[in-house]
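Engineer: Structure below; questions to follow.
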């Protein structure tokens, strides 16, 4: 459950959790100003209580069974019940400020024989130098950093921040990188989209800000039938099997579908509507052209690339993967209202209805559709027993916008003069995608300014001019308030008031008696 923005209430919430656990090694996460990826800090009082010393290697456990290792420091500014960590450590533990983590000494951590690390592709674009000499060697030299398989770390050198991921360690799953540890870094960089896909597979409700009523409704419709089937049976209630999420684009419908699947620990199968439409239409083409005439090519008789069977495979896969959530994105592309005469679209709708009926025989298969245009969906698909549970996913409120901004900037150095609360308050009506675009623009402006300073300095050096570094502007190290001000000048809402009225009218029609 998302906690209130009010820091006092947040502290009370987290402290209550600690009191329930009554575990002295469970601590509230707080932000650290230390950019070192390998350290966390406690108060000296807490360290004494836990019998830990400065410089100890500690094992931290966060959410989603995630853990990481760090070096422990003492910080007089750290509250007794808190632990300070930077955004990289928080990412590795899948936690945010205010969450609870556990800590314990890790005296069994051994010096590593070898580790393998690979960079993330978008952080090494344009880099031609030796990654080991420029980034990895300075980072690990005499630092005795602990690493764990699956962790990421960011190295800032040569005016670039390169992100690496720990692929393997020997011994596994963690070790300390000592001077004799062999560091392997050869191999293709990791694709960012693969990392994001992996993160999507881990997402749960804690990763989605706001939308409490939507999350609660999904819990009632999917999680409760799976966890309390006897209760449903006792009351003679048949759970709904199909849900339609509708609302403006960029508001988290896909994330919600994946999150509820993870919350319920069910399998998750995702397909985009246009892809499924191609499969279904190809199947129809195969049947309608099945009668070979003297002028037809025999190859035209078969569905293209076996597409009809592919469509069947998706629904069969969901059936065999039960408990399972089958997610169909851009659902309106396959479910548009039918015209006055029968045609291919009618047959597609009929196929969808038939496949849904077949799936309903499986008690633990749920279909979630997502659409930005609920008004054009065939009414036959919205009747009782079909997609009869319609849930509106609105634009983010202020608290949700704040969470989105934090996520979008989690790997970026943000200056202290940036007020994200103010930015969240002045972006009413912006979608999550709109907010991300603002952050990307601010990052672009900071990057451009920093590079231009470097280019100017290099040109003067090349021309034999004496460069007085004390009088030279320093390359930009953080994204400042003025970068966001400039980014906001070109910012725009992707969802207009007219668009929102479509959803309002559609929602009103649902409330009217049929």
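Taken together, the values in this text are just the output of simple stated rules run on the coordinates, not laboratory data. The structure presented is a predicted model; accordingly, all values stated were derived computationally and were not measured. Backbone-built Cβ (ideal geometry, glycine too); neighbour counts: all protein chains shown.
Engineer: Taking 0.36 nm per residue of sequence separation and subtracting the Cα-Cα distance, how much length would be gained by fully extending the chain between residue 217 and residue 195, in nm to one decimal?
Structural biologist: 5.0 nm
Engineer: Percent relative contact order of the range 359-462, based on C-alpha pairs within less than 8 angstrom and at least six residues apart?
Structural biologist: Computed over the range 359-462, the figure is 24 percent.
Engineer: What whole number of Å gives the distance from the Cα centroid of the range 203-225 to the Cα centroid of the range 227-258?
Structural biologist: With the range 227-258 and the range 203-225 each reduced to a Cα centre, they are spaced 9 Å.
Engineer: For the residues 373, 511, what sequence is obtained by ranking on other C-beta atoms within 10 Å, fewest first?
Structural biologist: By the 10 Å Cβ count, ascending, the order reads 511, 373.
Engineer: How long is the range 398-494 along each principal axis, judged by its Cα atoms, biggest number first, in Å?
Structural biologist: Taking the Cα atoms of the range 398-494, the three principal extents are 53, 24, 20 Å.
Engineer: Quick check: residue separation of residue 320 and residue 481 times 0.36 nm, minus the Cα distance between them. What number comes out in nm?
Structural biologist: 52.7 nm
Engineer: Rank these for me by crowding, 488, 402, 279, going from fewest to most other beta carbons within 10 Å.
Structural biologist: Neighbour counts put them in this order, fewest first: 488, 402, 279.
Engineer: How far apart, in nm, are two points set 7 Å out from the Cα along the Cα-to-Cβ line at residue 231 and at residue 455?
Structural biologist: Computed distance between label sites residue 231 and residue 455 equals 6.3 nm.
Engineer: Let me know the Kirkwood hydrodynamic radius for the range 50-114, please, with Cα pairs as the basis and the value in Å to one decimal.
Structural biologist: 12.8
Engineer: Arranged from highest to lowest average of other beta-carbon atoms within 10 Å per residue, in what order do the peptides 406-414, 257-265 appear?
Structural biologist: 257-265, 406-414
Engineer: R0 = 51 Å: FRET efficiency of residue 313 with residue 491, Cβ-based, nearest 0.05?
Structural biologist: 0.75
Engineer: I need the P(r) histogram for the range 114-191: all alpha carbon pairs, bin width 10 Å from 0 out to the longest distance, whole percents.
Structural biologist: For the range 114-191, the pair-distance distribution reads 19, 58, 22, 1.
Engineer: Taking neighbour Cβ counts within 10 Å as the exposure measure, how do 418, 101 sort from fewest upward?
Structural biologist: Ordered from fewest to most neighbouring Cβ atoms within 10 Å, 418, 101 come out as 418, 101.
Engineer: In whole Å, how far is the Cα centre of the range 112-169 from that of the range 381-447?
Structural biologist: That distance is 30 Å.
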